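The values are calculated or read from the model by the stated rules, or taken from the named source; none is laboratory data. Quantities reported herein were computed from a predicted structural model and do not represent experimental measurements. Glycine also receives a Cβ, built like all others from the backbone with ideal geometry; neighbour counts cover every protein chain displayed. The area values use the complete protein model at the heavy-atom level, side chains included, leaving out ligands, DNA and RNA. Shrake-Rupley method; radii C 1.70, N 1.55, O 1.52, S 1.80 Å.
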Amino acid sequence: MRPYQRRKLPKCPKCGSEETEVSNVEEEYDVLKCPVCHHEWKYGEASRPTARPPTISKPVKELRSLLSSYLFSALFAIGGFGIVLWQIFSPVRIILFISIIPIPLILVGIVLFAFGFATNIYTLVSMLRHSSVSVRLVTIPLAFSLVIFSSFGIVMINTMHETVYSGTSVIDTRKICDQVFGLINEERKIRDLPILSFDANLQSVSQIWSEELAERRVLEHGDFAARMEAIEYGNFQCGEIIAKISLVGIGFLQSPVEREFIDGWLASPGHRSIMLTPSSGFLGVGCAKNSDTVYCVADFRFD
């Protein structure tokens with residue numbers, strides 16, 4: 001017996017009579033007949049109208065889309081922040097496009113965090129401008145999470161100076177030598193002092209000494225007079241300034257390494273007086289590095 005046959009049969013849809021009878025039984029449905037008006041119609045599981053699936057309103061669909069975008073962006077921001085914290089203690093560089101384009105991995109983390117944070121702000125603004133009140137109300141708890149992301153950004157900026165800028169494996173000491181040489185003469189030119197000429201002997205001596213300092217991990221002048229005697233400059237007025245910069249402590253917002261050397265020497269009265277000696281003369285710059293520190297030596301010979 002059909003399930004509906006355990007209860008009263010439906011009324012006739014034509015005359016409304018309740019004296020409905022089963023006229024014929026098919027596999028998918030039954031044929032019912034009204035004895036009053038003789039109307040026949042199909043009735044059964046297959047003939048019953050199928051229930052429509054519940055429809056989702058447009059605001060709900062848009063809210064789902066916005067929340068998905070927000071959560072996806074939040075994962076970017078959290079992942080970027082995690083990379084930054086990781087690189088504070090274990091700096092790594094990567095190579096892009098299978099060519100020599102070394103960049104600090106921490107930069108990748110910063111870009112990911114900035115992208116996620118900016119996208120979250122855009123999503124919240126879109127939700128606030130939505131016509132649906134329910135969508136706008138959802139922005140309240142999300143705004144608190146954005147405040148948390150903001151605190152992450154503040155922590156990231158405050159700790160950026162503790163990161164390794166790019167690692168000594170990327171530092172070009174040859175380039176630093178040339179730039180330090182040029183910057184010293186720029187500082188002298190600003191003060192109307194004579195420009196110093198390049199001296200190959202001074203450059204060779206300063207380079208050898210910088211390499212020894214980097215290997216021994218010390219900062220000292222050693223026997224400077226003996227080094228000048230070795231190149232037959234013992235009878236000239238000579239001077240030497242040296243410095244080292246640990247790459248642990250150089251952040252993305254700080255000056256380049258060569259500028260750090262110059263600023264450090266200018267801030268030291270003894271080094272400043274040698275670098276800005278009024279006499280004309282010659283200059284040679286050497287630069288060397290070890291795993292985490294760059295050493296620079298500038299030797300002068302004045303007339």
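In terms of the mean number of neighbouring beta-carbon atoms within 10 Å, the peptides 140-150, 112-122 order highest first as 112-122, 140-150.
Under a cut-off of 20 Å between alpha-carbon atoms, report the aspartates and glutamates in cross-link reach of LYS189, not counting same-chain residues fewer than 8 places apart. Cross-link targets: ASP178, ASP199, GLU240, GLU258, GLU260, ASP263, ASP299, ASP303. Estimated at 0.36 nm per residue, the fully extended path between LYS11 and SER273 surpasses their Cα-Cα distance by 83.0 nm.
For the stretch 256-303, what does the equivalent ellipsoid look like in terms of its semi-axes, each the square root of 5 times an eigenvalue of the Cα gyration tensor, given largest first in whole Å?
On the way: eigenvalues 97, 37, 11 Å².
With the √(5λ) rule applied to the stretch 256-303, the semi-axes are 22, 14, 7 Å.
Among the protein heavy atoms, those of LEU137 account for about 100 Å² of accessible surface (1.4 Å probe, every chain in place).
Listed highest first by mean packing, meaning other Cβ atoms within 10 Å per residue, what order do 181-190, 276-285 come in?
276-285, 181-190
What's the long-distance tail for the stretch 187-303, i.e. % of Cα pairs beyond 21 Å? Don't jump to the answer; show the numbers that get you there.
Details: 2512 of 6786 pairs.
Cα-Cα pairs in the stretch 187-303 separated by more than 21 Å: 37 percent.
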